[in-house]
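For reference, the structure discussed in these notes is given below.
The values are calculated or read from the model by the stated rules, or taken from the named source; none is laboratory data. Here the structure is a predicted model, which is why all the values come from computation and not from measurement. Reconstructed Cβ throughout: ideal geometry from the backbone, glycine too, with neighbour counts over all protein chains shown.
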Amino acid sequence: MPTNIILGSLPDRSITIAAALVLTVVAVLASPISVQGGDAGELATVMLRGGVAHPPGFPWMRTVLAAISRALEGFEIAPARAAALPCALSGVFAWLLVQRMLARSGAAVVGAVVIILVALSPIVVVHVNDSEVWGLHLLLCACVVHFALFGQRVATSRRSQAGFAAGLGVLLGLAMSHHPTAILLLPLVLAAWPIQTHGTFPQVSNRRDNVMIAIMVVAGITVGLTPYLTLALGTAGAWRWGEPQTLDGLWRHVTRADYGVFQLSLHHEQPTVLALWSRASSSIGSTLTAGVLHDPWLCGSFLGVVFVAAKPPVTARKTAFLGLKLAVVAATLAFPAWQNIDPHSPFGAWILERFDLLAILLWIPLLTLAVMRAAAIGTLARGSLAVLGVTVLAAQPLRTWAHGIPAREHGVEGYARDLLATVDRHPLAIVLGSDDHRTFPVLYAQNVLELGPRTLYIDASLLAHGWYRARLRRQWPQLPDVDRPLALIGALWRLPDTRDIPIYLANVFSRPAAEQLDVVPEGILWRVIPPHARRPSLDRLVEAHVAAMAQAHGIALSSHDSPKSAHPWSQDLAHAYIDGHRQLTEACVAAARADLMEIMDLSVRRLRSSQAQP
């Protein structure tokens, strides 16, 4: 098969170098200079300041990538970018490994075009080029795919057969030690067991050989999982989730016992399988077509055609290629059907789309081989595919730019900065809130940016865990050991030394909090009025609110009080800048206090003016 059918012959290495330059430039330019939403704040904190991230712990992030991040920070690179670049470049290496794999199949140029198309897509630019787990996850999984398809063509002896099986198991174990969803590659690993001994059909001599291969694969996976043991070491960093320094705590952490083991979310949502498949189909199909297709049924039909049309290249083992197709089915249909997050909400869709990345990586060889097969039909087909390829390749970056890239997203970190600035004027203040996009950016701002040293931020949902309460008491020994947020507030009010400490809510996180607490807006927070204190007058409320809003710069608001960012987390946090202000304005209107309304309007104009400045 010629090196490439559509564009003519070019040296494979030159194609790889060109792809590497494009992918690296995109990764560097897209990487954030401010910490992002999701898990980025926690993972960046662990990478830069040490500790253990949430289950299952991601040992590669806190060791190998962390060392690179700290070195980059030493060159005065912004901390958020220093943490994101190793993750982004891991993604670049993943795409390049797939491109080299396709080059071995005679599809160097087409493979490079498909990979660049994918790497420029919104889902990849947003999630892979951030301080998240996905770049390294793709790289480790790409290693498994490459070794399974091309690792060994002929078994010269039982020893070499066993060595191949063990090596494949180790690679899968290493991938799983970084992210458990690498288990979706198991069909590929299983199909790669038999080694071709002669002819076109793989053969395994007897049952004894099968048992030997199984033992070696299981042993290899076990060895590959050993990085999890490093979670018990060096746990005294800035943030430590759980108690991995104990055997029981390590087991609970690695198995995600606090998450219900196999659940993606602590919320017990039950979306329909059809809704989950529709979301996955639309996400994957639109990524591979630069948004030309986005309807779930059209995307599903497109993927079905690609699946059937892709035939194994002559350089790959047939059974392993069949395993690749089974892995594609597992990642595209089986895993989404098991998810327990509602795909219809912006937050749910944002969380779930990250798990499509592995499926997209597995679809790349199939799409490339399907295109090569179609291009072989004739000159007209090659010309049509070339025009279509140029069109979608030009449309993809425009689509991504409109969607938003991490380098342009500052709302989450801005909110964390504003939250700490709002209450840092007190000798000590307590803020209770919930959700990762509040807790983790504040964690990052306090430990990496060293802001808000006089603020104790408490995640209301984590209070149920003993390890978290112990961490809070190490920060502030006087804090009562109470596992519910409202009960904790009550306990603070009952103690003479703590009854007058200012308490704020970052958000009204539960119905009991809404019904039982007397809160007033103060900047982007809600101040809790204790029962032993007199409720402030409207003049005092406006004065305190305006003073707090003077510290705010984070979320970019338009003249219509809506966030300019399309990022779902920034959109949610923008309500903190709007809701309290609106409520207090309505109180001024009801009291016919035009003077106070003018003061409130001036504060909003000042906020918009400060945000308009570069």
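Overview of values
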item: Candidates Leu357, Leu369 - the one that is surrounded by 22 or more Cβ atoms within 10 Å (Cβ to Cβ) and closer than 20 Å to Val128 by Cα; result: Leu357
item: Some residue of the stretch 414-430 being buried (at least 21 other Cβ atoms within 10 Å of the Cβ), over 30 Å from Val114 (Cα atoms), without any contact (Cβ under 8 Å) to a residue 40 or more places away in the chain and assigned by TED's automatic domain parsing to the domain that holds Val448; result: yes
item: Residue among Pro453, Pro397 that alone is more than 17 Å from Gln551 (Cβ to Cβ) and not aliphatic (A, V, I, L, M); result: Pro397
item: Filtered residue count, the stretch 536-560, keeping only those that are surrounded by fewer than 15 Cβ atoms within 10 Å (Cβ to Cβ) and either modelled with pLDDT under 90 or in a strand (DSSP E or B) (or both); result: 4
item: Qualifying position, being over 23 Å from Leu420 (Cβ atoms) and surrounded by 13 or more Cβ atoms within 10 Å (Cβ to Cβ), among Arg494, Arg484, Arg511; result: Arg484
item: Residue that is modelled with the lowest pLDDT [pool: residues in the stretch 434-445 that are of a type outside the set (Val, Ile, Thr) and in contact with a strand residue (DSSP E or B) (Cβ under 7 Å, 6 or more places away or on another chain)]; result: Ser434
item: Contacts under 6 angstrom Cβ, first residue in the stretch 511-531 being acidic (Asp, Glu), partner surrounded by 13 or more Cβ atoms within 10 Å (Cβ to Cβ) and assigned to a loop (DSSP other than H, G, I, E, B), 6 or more apart; result: Asp518/Ile529
item: Pro194 being at pLDDT below 80, of a type outside the set (S, T, N, Q) and in contact with a helix residue (DSSP H, G or I) (Cβ under 8 Å, 6 or more places away or on another chain); result: yes
item: Matching entry among Val431, Val423, Val412 (being touching a strand residue (DSSP E or B) at 6+ places or on another chain (Cβ under 8 Å) and under 20 Å from Trp239 (Cβ atoms)); result: Val431
item: Pair list, Cβ < 8 Å and 6+ apart or interchain, from the stretch 318-343 residues that are among the acidic types (Asp, Glu) to residues that are surrounded by 19 or more Cβ atoms within 10 Å (Cβ to Cβ) and assigned to a helix (DSSP H, G or I); result: Asp342/Gly348
item: Close pairs from the stretch 89-116: first assigned by TED's automatic domain parsing to the domain that holds Leu367 and outside any helix (DSSP H, G or I), partner aliphatic (A, V, I, L, M) and surrounded by fewer than 24 Cβ atoms within 10 Å (Cβ to Cβ), Cβ under 6 Å, at least 6 apart; result: Gly106/Met1
item: Failed item, numbered, when Tyr457 is tested on (1) farther than 28 Å from His575 by Cα; (2) of a type outside the set (D, E, K, R); (3) touching a Gly at 6+ places or on another chain (Cβ under 9 Å); result: (1)
item: Qualifying residue in the stretch 338-346 (condition: in contact with a Leu (Cβ under 8 Å, 6 or more places away or on another chain) and part of a helix (DSSP H, G or I)); result: no
item: Leu398 free of Cβ contacts under 8 Å to residues at least 24 places away in the same chain and under 24 Å from the mean Cα position of the chain (by Cα); result: yes
item: Cβ pairs under 6 Å, 6+ apart, first in the stretch 19-47 and closer than 16 Å to Gln99 by Cβ, second outside any helix (DSSP H, G or I); result: Ala27/Asn129
item: Restricting the stretch 49-74 to residues that are in contact with a Pro (Cβ under 6 Å, 6 or more places away or on another chain) and of a type in the set (A, V, I, L, M), the residue that is farthest from Pro441 (Cα to Cα); result: Ile68
item: Meets criteria (out of contact with any helix residue (DSSP H, G or I) (no Cβ under 7 Å at 6 or more places or on another chain) and under 30 Å from Ala82 (Cβ atoms)) for Arg454; result: yes
item: Within the stretch 62-88, tally of residues that are of a type outside the set (A, V, I, L, M), assigned to a loop (DSSP other than H, G, I, E, B) and more than 20 Å from the chain's Cα centre (by Cα); result: 2
